[in-house]
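The structure appears right after this line, and notes come after that.
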Ligand code: LLP
């Protein structure tokens, strides 16, 4: 029996919970991105933090995309799985000396530098190695992404990036740092952004900053606008692929790219979210006073997004066609926040049914933990299962 795109007959014999990735949807998504950038000076660096499963990375790197990494280990993981070191951007407010050395040893594309102390650290480590580190200044643009506060990054109250008011100091400092070379500027305003006008505001801010750099006679070869494009968690089947044409067109229209400049994007979620589902089995049904609980064998240890950000994930019962009923769908972990959905309509559910928690390909498997001594959920792929 196959429900939609799920090979249920195969699922029967696999220990739950597990991640299931639809590799053809991943390819369709990658092709959709490629179609938008192919004839433009645009480069996409896949944000590894969304999913570092080696199989997924190998598929993405085959398309020639670069990588956006936030740790030394992510840099190594990206290279191991086919990404070119000279297409790796490295962001993060707390890069350690060891991580900076990994990046220098691999001659990465660019350090996205987030503070003046970091600039000094990179300069001195590069000097010791007799290298010149290529850097982009990550500037905090103070643009509201209108998303959950935990994934908003571009406001002055956030820890990310260099404040605009410190730019004169940075520009004064740069000529004295002989082992770094300024290549560009970098921004990232937040994640799961569905109101595209936030990106327009970012473009306008970048245009203003470009004028500032020009007036200081500084040439920027690369503009990096970060990631953040959201996906449709409510209706993953209606919108399995994000609106890439609208997204890229917005930058073409509003960002005043200078001749010879290239534009870089760091998309994570929009690349991998919809191709992944967390598959789980119903352990018990429990009647509460006002609630009916469906207790499943997946928990916040496998997918923490609902517990951490009150995030919504669509859930379906793959094994029932029964008349729908309203349930709270919860995991087995000893935390009240271990709840996947409240007052959610599912087809009539019973012990042993198999549920798919959809749109779990981004920030799912990669944020798992072993809290309560739980096993890691394994991963399976549509073309090899
Ligand atoms: N570039 C930088 C500098 C970032 O910090 C991020 C995400 C990205 C790119 C990729 O953003 P995306 O295209 O995936 O939105 N765990 C949270 C999301 C955290 C995002 C952190 N930064 C969640 O599950 O919603």
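Computed from the coordinates by the stated procedures, all read-outs in this text should not be read as laboratory data. Bear in mind that the values here come from a model prediction, so they are computed numbers and not experimental data. Every residue, glycine among them, receives a Cβ derived from its backbone with ideal geometry; neighbour counts consider all protein chains shown.
Key figures for this structure:
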| item | result |
| --- | --- |
| FRET efficiency, 1/(1 + (r/R0)^6) with R0 51 Å, evaluated for residue 342 and residue 218 via beta carbons | 0.45 |
| Contact order relative to length of the range 23-273, as percent, for alpha carbon pairs under 8 angstrom and 6 or more apart | 20 |
| The chain - mean residue ellipticity at 222 nm from DSSP helices (-39,500 (n - 2.57) per run, n ≥ 4, rounded to 500) | -8000 deg cm²/dmol |
| Residue among 346, 229, 26 with the largest mean-square fluctuation in a Gaussian network model of the chain, springs linking Cα atoms under 10 Å | 346 |
| FRET efficiency estimate (nearest 0.05) - Cβ-Cβ, residue 63 to residue 384, R0 22 angstrom | 0.70 |
| Choice from 92, 184, 230 with maximal GNM fluctuation in the chain (Cα, 10 Å cutoff) | 92 |
| The range 23-273: antiparallel DSSP beta bridges as a percent of all, rounded to 5 | 5 |
| Computed lengthening from residue 287 to residue 127, 0.36 nm per intervening residue step minus Cα-Cα distance | 51.0 nm |
| Exposure proxy order (Cβ contacts within 10 Å, fewest to most) of 247, 19 | 247, 19 |
| The range 128-254 - share of DSSP beta bridges that are antiparallel (%, nearest 5) | 10 |
| Likely footprinting exposure, 203, 275, 334, fewest C-beta neighbours within 10 Å first | 334, 203, 275 |
| Estimated FRET transfer efficiency when R0 is 51 angstrom, pair residue 234-residue 13 (beta carbons, to 0.05) | 0.95 |
| Tilt relative to the chain, helix 23-37 - C-alpha long axis, 0 to 90 degrees, to 10 | 30 |
| Fewest-first sequence of 312, 213, 244 by Cβ atoms within 10 Å of each Cβ | 312, 213, 244 |
| Centre separation in Å (Cα based) which lies between the range 334-385 and the range 121-195 | 36 |
| With Cα atoms, 0 to 90° folded angle of helix 116-128 axis to the chain main axis | 70 |
| Normalised contact order of the range 278-317, rounded percent, pairs of Cα under 8 Å and 6 or more residues apart | 30 |
